[in-house]
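Student: Take a look at this one; I'll ask things after.
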Amino acid sequence: MLLDAVRADARLAEWMKDLEREDGAWVTVVLPDADELPDILLDLAVPHEDINEVVALRGRLARDAEAMTLLARCVTRFVRDMGEIGKACEPPSFPDSAGALGRFFHLYVFVASLPYVRAYHRERGVPEEVTRRTLADLGRQVAVHRRRRGTGGLLFPWWTALHFHGELFQLGRLQFQRGRLGERTGRAVAAAGHGLGPGDPCLELHIPDFRGPLSPSACERSLTSAREFFARHYPDERHEIAVCHSWLLDPQLKRYLPADSNIIRFQDRFEVAYEEATPDDGVPIGFVFGDPDLPVESLPRRSGVERAVADHLRGGGHWYTGHGWFAL
């Protein structure tokens with residue numbers, strides 16, 4: 001049983017107890033039937049090779065009364081504060097002992113939340129194509145799970161939660177997350193005289209995979225779309241600053257890549273907010289090569305970025321998350 005594996009994990013057992021302490025009525029939760037589910041999964045860009053398994057597992061989930069109760073509790077918590085910054089639940093990954101249903105459980109939570117997500121988007125006037133492209137990141141995360149683990153599943157459910165909670169939108173090449181300036185970045189923005197500081201609204205930029213080159217023209221179109229989108233659909237929030245926290249802002253990349261490369265031109269948009277002291281080599285390895293646990297000596301050198309990441313690590317160097325901002 002799914003819940004036996006979840007309860008056996010002390011951290012997850014505490015998470016379940018916390019869900020059970022929730023007061024108030026549950027929202028109505030409807031799990032699409034086996035005839036409806038394939039089209040919904042295709043709309044969410046779930047890879048074709050995973051659809052039959054997800055549909056088959058749906059029957060197991062529906063027959064497990066305890067698992068369905070957990071599903072209802074998760075959906076209720078998830079949609080309770082729809083659109084509120086920082087209020088999205090952070091669903092934890094389930095252990096391997098939970099099996100295939102555990103790997104896909106949070107996907108069913110997101111599917112069951114769809115009516116509430118779409119209603120929120122309609123209320124805000126979000127165009128249907130933006131809704132579709134934003135929520136399609138669920139399928140991308142299923143693809144990443146298979147690339148890294150060799151099985152179907154949903155990698156990083158906490159990340160997908162942002163898309164389904166009205167906090168993050170795909171607008172062209174980039175994703176934009178409604179956020180607030182952190183302490184160090186906020187101080188840097190304040191010191192530059194922008195009249196904003198820690199805790200004020202900002203847009204956090206994210207660079208998804210499987211979206212083609214990070215070209216300056218594609219980025220500029222995304223930024224133009226973001227300025228118009230948030231002014232129209234979130235007029236009560238002051239989005240004047242864009243921030244990014246990514247290894248792509250590590251200034252060491254300039255040692256390896258030409259000044260006119262897409263990554264360096266992306267870096268050049270930003271003012272440095274602060275420098276990270278702790279390396280995180282697994283992030284660029286995972287982003288560039290698909291698996292953060294690949295041994296350094298095995299990394300291929302087929303492109304300029306691959307050579308940069310691999311050669312730097314083989315030379316004893318490390319990669320760091322860069323933290324930058326610019327005025328929108």
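Student: Using every pair of alpha-carbon atoms in the chain, split the distances into 10 Å bins beginning at 0 and state the percent of pairs per bin, rounded to integers.
Tutor: Result returned by the calculation: 5, 23, 31, 26, 13, 2.
Student: Now, a different point. Is segment 2-132 best put as rounded, prolate or oblate by its Cα gyration tensor, with a ≥ b ≥ c the root eigenvalues, rounded for a/c under 1.5, and otherwise prolate when a/b is larger than b/c, oblate when not? Can you show the working numbers first?
Tutor: Details: a/c = 1.85, a/b = 1.15, b/c = 1.62.
Here segment 2-132 falls in the oblate category.
Student: Still on this structure, please answer the following. How tilted is helix 304-314 with respect to the longest principal axis of the chain? Cα atoms for both, answer in degrees (0 to 90, nearest 10).
Tutor: Tilt of helix 304-314: around 90 degrees.
Student: Shifting gears a bit: What whole-number distance in Å separates the alpha-carbon centres of segment 157-172 and segment 11-33?
Tutor: Using only Cα atoms, the two centres lie 21 Å from each other.
Student: Estimate the FRET efficiency between Phe210 and Gln177 by the formula 1/(1 + (r/R0)^6), using the beta-carbon distance for r and 25 Å for R0, to the nearest 0.05. Write down the numbers at each step before the final one.
Tutor: Details: r = 18 Å, r/R0 = 0.73.
Once rounded, the FRET efficiency stands at 0.85.
Student: Give, in nm to one decimal, the length gained when the segment between Arg187 and Arg132 is fully stretched (0.36 nm per residue of separation minus the Cα-Cα distance).
Tutor: Working: separation 55, 0.36 × 55 = 19.80 nm, distance 3.60 nm.
The Arg187-Arg132 span can extend by a further 16.2 nm.
Student: For segment 1-82, state which chymotrypsin sites (Phe, Trp or Tyr not before Pro) are in a DSSP loop and have at most 15 other beta carbons lying within 10 Å of their beta carbon.
Tutor: On the way: sites: Trp15, Trp26, Phe78; in loops: Trp26.
Within segment 1-82, the qualifying chymotrypsin sites (Phe, Trp or Tyr not before Pro) (loop, at most 15 other Cβ atoms within 10 Å) are Trp26.
Student: Would you please calculate the Kirkwood hydrodynamic radius of segment 24-100 over all C-alpha pairs and express it in Å, rounded to one decimal? Provide the component values of the computation, followed by the final result.
Tutor: Working: mean 1/r = 0.0697 Å⁻¹.
Answer for segment 24-100: a Kirkwood hydrodynamic radius of 14.3 Å.
Student: A further question follows. With axes computed from alpha carbons, what is the tilt in degrees of helix 65-80 against the longest principal axis of the chain, rounded to the nearest 10 within 0 to 90?
Tutor: Roughly 40 degrees, rounded to the nearest 10.
Student: Another question about this same structure. Sum -39500 (n - 2.57) across every DSSP H segment of at least 4 residues in the chain, then divide by the residue count to get the 222 nm mean residue ellipticity, nearest 500. Walk me through the numbers before you get to the answer.
Tutor: Numbers: 14 runs with 163 residues, N = 328.
Here the helix-only value at 222 nm equals -15500 deg cm²/dmol.
Student: Taking only Cα atoms, what is the 0 to 90° angle, nearest 10, from helix 48-63's long axis to the longest principal axis of the chain?
Tutor: Helix 48-63 and the main axis of the chain meet at about 40 degrees.
Student: For the chain, what's the relative contact order in percent, using C-alpha pairs closer than 8 Å and at least 6 residues apart? Can you show the working numbers first?
Tutor: Numbers: 474 pairs, mean separation 47.0, N = 328.
Relative contact order comes out at 14 percent.
Student: Pop a pseudo-label 7 angstrom from the Cα along the beta-carbon direction at both Ser217 and Asp268 and give the gap in nm to one decimal.
Tutor: Result: 1.7 nm between the two label points.
Student: What is the projected area of the convex hull of the Cα atoms of segment 149-279, averaged over all directions, in nm²?
Tutor: 10.0
A short reminder: the numbers here are calculations on the coordinates, not readings from a lab. In this text, all values refer to a predicted model and were calculated from it rather than measured experimentally. Virtual Cβ from ideal backbone geometry, glycine too; neighbours counted across all protein chains shown.
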